[in-house]
């Protein structure tokens, strides 16, 4: 994967870029994309070998849009990585913490740093479209007293100075990213499988689906539901379980699941990330 | 409830207001609030008797923020209503469909009317903060050739003209709203119960929780997960089931659930809405 081209959503220096380096090493070529949909499309159209997209954050919850894209774009999950989200205050030229009066960042990042702002009441919070994008803008415009909140990769990329680190209120702030490609090759040391299914409209349908795992002592690590479009009040379920899809137990569970659902697709089988 | 004061998020004429009339009749007093959080606060601080908030849409999925507020504000669910979302093109004065060149609305509403815009390629889509807010703005500013996309309640409230109805791509577009209050009085004809729990961190935990319902043939109508803050990769589950919380079967199921979870709270017991 040394020269892999990896697409991600956001400006250069985003948390997705930081996660890409953590999972794939520093030598990957990165392709920033404007939206999540265009990130998936970059792979399906062959502009990138793979893409890395956030799927859940331990404070904010799932990134539901990307669950929907998993279904639509039919890419395979080939890896995952968990990144601790550390918010840094980044400025340029003469701006110090004492002279800082305006802080730009994505609204979610600003909302995750409330303690910093209540300690520094003179600093104005200014919502911006992107964390790394705020640092990029400051690098260009050199706004006096301005700083951004973003990843340390953003500070390095735009040559900004980190005035303070760990601005986030909760240290238990992690984002899980999925690595996706068109390739269906099997992954060495794969030990986790993701799938999506829709239940039949019968009583206890979800319970029956989960029983195919529980009765075989297969651990589920995540379950997420999304609406089934065109079928009001029916749902798709996205499930991750511990195990290779070709293990005897998993194969039996998947065959059993096939008997009780309307629709089933395996989204990928990959090496699980360390939890933190 | 004839003179109940009902808080909702959005401008006058929002879909929430339309849902309030459907559930409570035309004689309620409505209190528009800026955010979902301030809608919940209006009730907890006694400014409103109840509030009506959207909890899920059949195309876009759950309104996750409101699941989080259900936990935080400790209001009781006392009712629900399903509203079909019909998007109307609303204009003022001399603007007709032929002379319309700019359409303002919330980005989600604009995204749900793609077929209309591909048939009328000369019309520019302009994102606005609120559906009803776009009609309010046009009523004030009388922008030439401008129209908004919003509910028929918005057209009536701001005295706009409906140029075309059913702009939405999918007819199967419904939003479910919950009615919340501080009162813990029991509701006549209640037949549905909502609760939230967190599982123990053991294999098959969710399966054990769902078994307390399945083994008693209690139907679940919805399950939603949200992250447990401060406990990375652990989750809260929100479940709705068919039945009164004080039925023999439900009481046993809830007692049984209490044995296998870390945390359990009943969010309300209320009369279920017709599905469409």
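Per the conditions (1) over 30 Å from residue A:183 (Cα atoms); (2) in contact (Cβ under 8 Å) with a residue 24 or more places away in the chain, the sole criterion not satisfied by residue A:118 is (2). For region B:59-72, taking the residues that are more than 11 Å from the chain's Cα centre (by Cα) and in a loop (DSSP other than H, G, I, E, B), the one that is nearest to the other protein chains (Cβ to nearest Cβ) is identified as B:59.
Across region A:229-241, what is the number of residues that are surrounded by fewer than 18 Cβ atoms within 10 Å (Cβ to Cβ) and either more than 26 Å from the chain's Cα centre (by Cα) or more than 7 Å from chain B (Cβ to nearest Cβ) (or both)?
4
Does residue B:172 satisfy being out of contact with any strand residue (DSSP E or B) (no Cβ under 7 Å at 6 or more places or on another chain) and free of Cβ contacts under 8 Å to residues at least 12 places away in the same chain? It is false that residue B:172 is out of contact with any strand residue (DSSP E or B) (no Cβ under 7 Å at 6 or more places or on another chain) and free of Cβ contacts under 8 Å to residues at least 12 places away in the same chain.
Determine whether residue A:93 is surrounded by fewer than 20 Cβ atoms within 10 Å (Cβ to Cβ) and more than 26 Å from the chain's Cα centre (by Cα). Yes. Taken over region A:167-200, the criterion of being within 30 Å of residue A:149 (Cβ to Cβ), away from chain B (no Cβ under 13 Å) and in a loop (DSSP other than H, G, I, E, B) is satisfied by A:167 alone.
Yes/no matrix, rows are residues, columns are (1) assigned by TED's automatic domain parsing to the domain that holds residue A:102; (2) in contact with a helix residue (DSSP H, G or I) (Cβ under 8 Å, 6 or more places away or on another chain); (3) touching a residue at least 60 places away in the same chain (Cβ under 8 Å); (4) under 21 Å from residue A:271 (Cβ atoms):
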site: A:14; (1), (2), (3), (4): no, yes, yes, no
site: A:19; (1), (2), (3), (4): no, no, yes, yes
site: A:23; (1), (2), (3), (4): no, no, yes, yes
site: A:28; (1), (2), (3), (4): no, yes, no, yes
site: A:40; (1), (2), (3), (4): no, yes, yes, no
site: A:55; (1), (2), (3), (4): no, yes, yes, yes
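Here residue B:110 does not fit the description of being assigned to a loop (DSSP other than H, G, I, E, B), over 26 Å from residue B:244 (Cα atoms) and outside the structural domain of residue B:198 (by TED's automatic domain parsing). Residues of region A:127-166 that are within 18 Å of the chain's Cα centre (by Cα), surrounded by fewer than 20 Cβ atoms within 10 Å (Cβ to Cβ) and part of a loop (DSSP other than H, G, I, E, B): A:129 alone. Would you say residue A:51 is at pLDDT 95 or above, away from chain B (no Cβ under 14 Å) and within 13 Å of the chain's Cα centre (by Cα)? For residue A:51, the condition - at pLDDT 95 or above, away from chain B (no Cβ under 14 Å) and within 13 Å of the chain's Cα centre (by Cα) - is met. How about region B:201-228: which of its residues are facing another protein chain (nearest Cβ under 10 Å), out of contact with any helix residue (DSSP H, G or I) (no Cβ under 9 Å at 6 or more places or on another chain) and in a loop (DSSP other than H, G, I, E, B)? Selection gives B:228 alone. Each residue in region A:239-276 was checked for being touching a helix residue (DSSP H, G or I) at 6+ places or on another chain (Cβ under 6 Å), free of Cβ contacts under 8 Å to residues at least 60 places away in the same chain and part of a helix (DSSP H, G or I), and 2 of them qualify.
The values are calculated or read from the model by the stated rules, or taken from the named source; none is laboratory data. As the structure is a prediction and not an experimental result, all values here were calculated from the model. Note that each Cβ is placed from the backbone with ideal geometry, even for glycine, and that neighbours are counted across all protein chains shown.
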